[in-house]
Amino acid sequence: MKAKLTLLLFAALAAVCFAQEDSAHKNELALGLGGLPALSRSDTPRLDTGSGVAFQVNYGRRFFKGRKVALYGEINALANPLRDVSSSIPTATHDFASLYITPGIRVKFLPTSRISPYALVGGGYADYQQSTTRIDGQPNSVSRELARGVFDFGAGVEVHVWRFVALRGEARDFYTGSPAYSIATVSGGQHNAVAADALVLGWH
């Protein structure tokens, strides 16, 4: 009787563990830290932005899973508190901050393997906050806030280290209109590349 009860409990525990293992991939929350490299604009006059720290939060929800491919909807938020600006034009904006919020689609390959590469694409809202001063120290005449559309795409790899925990490394490019640099000749689109590592938590 004890043996049967033990076997039944073991089977029930195994079923619960299996269900938890499968459900761990249905919802994902990733907390990431990365960086934006320095950027040089080829416009005339030349303008350079410094590198910056990127804080990233990503929520993904799986709505299709096969043996080789899983499809997720995601919402990604990335914030950069400061990027310095350098230019030969002293009236240019001294620095700016960035916020990108991009819903999108993520395709994960080999989702049940220990190592799962993925690709992503999305788009949404970008917010740039310009400094209140210019490079020459005088008040900045441009608007403090500037909203832009943003298109993002990228790829990465996820390494599963425990049932509900994974590590992620990825690269994304956020393509937007330019921040308000206070230089009339600097306009058009701007690529904002980001490389980041993240801790991923999964649950049902």
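The values are calculated or read from the model by the stated rules, or taken from the named source; none is laboratory data. Keep in mind the model is a prediction, meaning the values are calculated, not measured. Backbone-built Cβ (ideal geometry, glycine too); neighbour counts: all protein chains shown. What goes into the accessible areas is simple: the full protein's heavy atoms, side chains included, and nothing from ligands, DNA or RNA. Shrake-Rupley method; radii C 1.70, N 1.55, O 1.52, S 1.80 Å.
Computed quantities for the displayed model
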{"item": "Helix-only [θ]222 nm of the chain, DSSP H runs n ≥ 4, -39500 (n - 2.57) each, per residue, nearest 500", "result": "-4000 deg cm²/dmol"}
{"item": "Kirkwood Rh, angstrom, the chain [1 / mean 1/r, Cα pairs]", "result": "19.0"}
{"item": "Longest DSSP-loop-exposure-free segment, trypsin sites (Lys or Arg not before Pro), the chain, at most 16 other Cβ within 10 Å", "result": "69-113"}
{"item": "Ala193-Asp48 pseudo-label distance in nm [points 7 Å out on the Cα-to-Cβ vector]", "result": "1.7"}
{"item": "Unit charges on C-beta of K, R, D, E only; dipole of the chain, Debye", "result": "1080"}
{"item": "Accessible-area ranking of Ser42, Ser116, largest first, probe 1.4 Å", "result": "Ser42, Ser116"}
{"item": "Number of Lys pairs (Cα under 19 Å; 8 or more positions apart or on different chains) in the chain", "result": "5"}
{"item": "Additional length obtainable on full extension of the chain from Asp136 to Ser88, 0.36 nm per residue less Cα span", "result": "16.2 nm"}
{"item": "Fraction of accessible area attributable to carbon and sulfur, the chain (%, probe 1.4 Å)", "result": "68"}
{"item": "In Å², nearest 10: area of Ser141 left accessible to a 1.4 Å probe", "result": "110"}
{"item": "For His160, solvent-accessible area (1.4 Å; no DNA, RNA or ligand), Å²", "result": "30"}
{"item": "Helix 2-23 axis, angle to the chain major axis (alpha carbon atoms, nearest 10°)", "result": "20"}
{"item": "Spin-label pair Phe64/Ala155, simplified geometry with 7 Å Cα→Cβ offset, distance in nm", "result": "2.0"}
